[in-house]
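K.L.:
Right, I'll just put the structure down here and ask away after.
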Amino acid sequence: MAVSALFFSAMAALAKLAGKGVPLFEIVLARSLVVGVLSGASLIRSGTPLWGREPGLLVLRGFLGFAALTCFYYAVIALPLADATVIHFTNPVFTALMAAALLRERIGLIESLLVAASLGGVLLVARPGWLVGESSGLDPVAVGVGLAGAILAASAYVAVRRLRQEPPMLIVFWFALVCTVLSLPLVLRDPVLPGPGASLVLLGVGVATHLGQWFVTWGFRLERAGRASAVGYLQIVFAAVWGWVLFRETPDLWTWIGAGVIVASTLLLVRVHPVR
């Protein structure tokens, strides 16, 4: 799980690096093509059929994932890397809410208070002017898009929980396939040919994503969901390191306090509302 967090943080850092000269949807397309080829090859090698039992739900998961990924990359490019990552990590609390609404999983007062606390952590990270009385906070549009990405990611994860009979790599493959189909027309409207350096960065986005997904699947097979998810929060630390090394971004005290509130709220939520 720690290695998966490292690769996912590297994916976000490379996406931010590519965003300096490559349009947003080209980054999404490049990631999807690389992940689709690697996951498809893995399925073929293992003899797993590429057509799942519930193709409609696989397509829905892919559509939600495409929207979430687009929002996340927008936030990563527009915000400091650590802040965008912290905001994205509110998705577990939204997953709990949606699972309660859509999958009839009970959620009580304590869970609701923890959800509210997690959203309070987002306010600490974003520091909107109406709250702190100054204009030094993050771009509110980018924060809103990042939060929308977390909600969409939660929706995609709820769909994944309904796909329990499908092999994990098949879900990854369909996610990449749907993202490719949806992003390709948007790229062809105004394509930008990346240079050799940018092409390597885009390839790195896809490879880091695939390795992150492979290790996270392995981690959840070896450890209980609550403990495995807790290790995944190392991604925030790794994102802060990448941001400092590559972009000279130094998270301030508010970012770390907000991250602490979000992480603590989510880990407590996992304890009182365990995920199988």
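K.L.:
Can you find, within the stretch 207-219, the residue that is modelled with the lowest pLDDT among those that are under 22 Å from PHE63 (Cα atoms) and surrounded by 20 or more Cβ atoms within 10 Å (Cβ to Cβ)?
P.N.:
VAL216
K.L.:
Return yes when VAL192 is assigned to a helix (DSSP H, G or I), among the aliphatic types (A, V, I, L, M) and at pLDDT below 95 and no when it is not.
P.N.:
Answer is no for this residue.
K.L.:
Pull up the stretch 166-185, narrow it to residues that are assigned to a helix (DSSP H, G or I) and in contact with an Asp or Glu (Cβ under 9 Å, 6 or more places away or on another chain), then point me to the one that is surrounded by the most Cβ atoms within 10 Å (Cβ to Cβ).
P.N.:
Among those that are assigned to a helix (DSSP H, G or I) and in contact with an Asp or Glu (Cβ under 9 Å, 6 or more places away or on another chain), it is TRP174.
K.L.:
For the stretch 1-95, please list each of the helices (runs of 4 or more DSSP H) lying entirely inside it that holds at least 3 residues being crowded, with 24+ Cβ neighbours inside 10 Å and modelled with pLDDT of 95 or more.
P.N.:
2-18, 24-46, 55-78
K.L.:
While we're on this one: Could you identify the single residue in GLY204, GLY121 that is within 17 Å of the chain's Cα centre (by Cα) and crowded, with 19+ Cβ neighbours inside 10 Å?
P.N.:
GLY204
The values are calculated or read from the model by the stated rules, or taken from the named source; none is laboratory data. Note that the coordinates shown come from a computational prediction; the quantities given were computed from them, not determined experimentally. Every residue, glycine among them, receives a Cβ derived from its backbone with ideal geometry; neighbour counts consider all protein chains shown.
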